[in-house]
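One structure is given below, encoded as structure tokens.
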Amino acid sequence: MKYLSFCLVSVVAFVLSSGSVKTELPSTGYHPGEMIPDIVLTDSEGNYRNLHDYKGKKVVVNFWATYHAQSRANNVQLYNYLQNSNSDVEFVSVAFDENRNVVERTLIVDRLESISQFYEISGTGSETYKDFKLNGEFRNYLIDENGVIIAMNVTPEDLKTIL
């Protein structure tokens, strides 16, 4: 009887807990197959550019921060791969740092041209950071000519096979 009660309690607990399992996509912003929203990009000189200005081109949009080592390394790898390959993919890099000088110095140290490098002056408090639900987990998006997300978190190896 004692074992039967234990089994019954276990089954009831399992059934009750199974209703709390989430089956929808995690809340991570935007996903492949969706249109990427237009965002306003600010370059190191304070000039603005819209992401939709790149419409008609394939684009890798990379979100990163100077203080986040993995995202910084990904930024350098993607930039170097796209610069050295003969692909027709544009590279747009968005740093979430409040200090423009830190971003500029990092770009020099990492030997990155500032032409495709942008930054969010509000850092992690920016609307873009919140809208994409980055939450400290920086990512990148490969976008087709129509602004549709093809893939997320691509590496240079992924780009070789996708493109």
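The values are calculated or read from the model by the stated rules, or taken from the named source; none is laboratory data. Owing to the predicted nature of the structure, the values given are computational and were not obtained by experimental measurement. Cβ: placed from backbone, ideal geometry, glycine included. Neighbour counts: every protein chain shown. SASA here: full protein model, heavy atoms, side chains in, ligands and nucleic acids out. Shrake-Rupley method; radii C 1.70, N 1.55, O 1.52, S 1.80 Å.
Quick notes
- For the condition without any contact (Cβ under 8 Å) to a residue 40 or more places away in the chain, of a type in the set (Val, Ile, Thr) and at negative phi, Val92 does not qualify.
- When region 86-106 is limited to residues that are touching a helix residue (DSSP H, G or I) at 6+ places or on another chain (Cβ under 6 Å) and either surrounded by fewer than 21 Cβ atoms within 10 Å (Cβ to Cβ) or assigned to a loop (DSSP other than H, G, I, E, B) (or both), the one that is modelled with the lowest pLDDT turns out to be Glu98.
- Given (1) surrounded by 15 or more Cβ atoms within 10 Å (Cβ to Cβ); (2) in a helix (DSSP H, G or I), index of the condition Glu157 fails: (1)
- Which listed residue, of Thr124, Thr128, is assigned to a helix (DSSP H, G or I), under 18 Å from His52 (Cα atoms) and of a type outside the set (Phe, Trp, Tyr): Thr128
- Residues satisfying the stated conditions in region 110-154, i.e. among the hydrophobic types (A, V, I, L, M, F, W, C) and open to solvent by 80 Å² or more (accessible area, probe 1.4 Å): Ile115, Ile121
- Consider region 20-43 and keep the residues that are open to solvent by 30 Å² or more (accessible area, probe 1.4 Å) and polar (S, T, N, Q). The one that is modelled with the highest pLDDT is Thr28.
- Residues in region 32-76 that are part of a loop (DSSP other than H, G, I, E, B) and within 17 Å of Ile143 (Cα to Cα): Pro32, Gly33, Glu34, Ile36, Pro37, Asp38, Ile39, Lys55, Gly56, Lys57.
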